[in-house]
Amino acid sequence: QVQLVESGGGLVQAGGSLSLSCAASGSIFSINVMGWYRQAPGKSRELVAVISSGGMTSYADSVKGRFTISRDNAKNTVYLQMNSLKPEDTAVYYCNIKLIGQNYWGQGTQVTVSS
């Protein structure tokens, strides 16, 4: 089993910045992919950004150039730095870790961007 504990999020004005972090604990293999997804009211959950244990990253087109994902493998922690936030970034953000044959989610943290 793997547990994910998220922190960060909150309320910010458009153009502002927020950072999220997610610490994983439990049976974590060295080869994995960690990432962030988000779900806005009435919409499906969507990928925001992912990063492999080797440091390869992938971003949704909507956040490229504004968000940066990073990780600390020694701490099994993934971070999401969000800059130039827009009202359309408002959503519940979920941390995710994919292991071989396993997939785990955090409890979610609310990010609200006011216009």
With a 1.4 Å probe and every protein chain left in place, work out the accessible area per residue of segment 1-74 in Å², rounded to a whole number. 54
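Restricting attention to segment 1-106, which chymotrypsin sites (Phe, Trp or Tyr not before Pro) occupy a DSSP loop and are surrounded by at most 12 other Cβ atoms within 10 Å? Walk me through the numbers before you get to the answer.
Working: sites: Phe29, Trp36, Tyr37, Tyr59, Phe67, Tyr79, Tyr93, Tyr94, Tyr104, Trp105; in loops: Phe29.
In loop regions of segment 1-106 (DSSP not H, G, I, E or B), the sparsely surrounded chymotrypsin sites (Phe, Trp or Tyr not before Pro) are Phe29.
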Work through the residues other than Ala23 whose Cβ is under 10 Å from its Cβ and net out their charges, Lys, Arg +1 and Asp, Glu -1. -1
In segment 1-99, the trypsin sites (Lys or Arg not before Pro) that fall in loop regions by DSSP, at most 13 other Cβ within 10 Å: Lys43, Lys64, Lys75
Which log10 I(q)/I(0) values does the chain give at q = 0.15 Å⁻¹ under the Debye formula, counting every alpha carbon as one identical point scatterer? -0.59
Gain upon complete extension [Ser17, Leu47; 0.36 nm per residue less C-alpha separation]: 8.9 nm
For the chain, which whole-number percentage of the solvent-accessible area (1.4 Å probe, protein heavy atoms only) is attributable to carbon and sulfur atoms? 52
Heavy-atom accessible area order for Glu46, Glu88, largest first, 1.4 Å probe: Glu88, Glu46
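Subtract the Cα-Cα distance of Asp61 and Ser84 from 0.36 nm times their separation in residues, and report this length gain in nm to one decimal.
Values: separation 23, 0.36 × 23 = 8.28 nm, distance 1.44 nm.
This chain segment gains 6.8 nm when fully extended.
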When the dipole is taken about the Cα centre of the chain, and only Lys, Arg (+1) and Asp, Glu (-1) are charged at their Cβ, what size is it in debye, to the nearest 20? 80
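The values are calculated or read from the model by the stated rules, or taken from the named source; none is laboratory data. Keep in mind it's a predicted model, so treat the numbers as computed, not measured. Every residue, glycine as well, gets a Cβ built from its backbone with ideal geometry; the counts of neighbours run over all protein chains shown. Please note that ligands, DNA and RNA were not included when accessible areas were found on the heavy atoms of the full protein model with its side chains. Shrake-Rupley method; radii C 1.70, N 1.55, O 1.52, S 1.80 Å.
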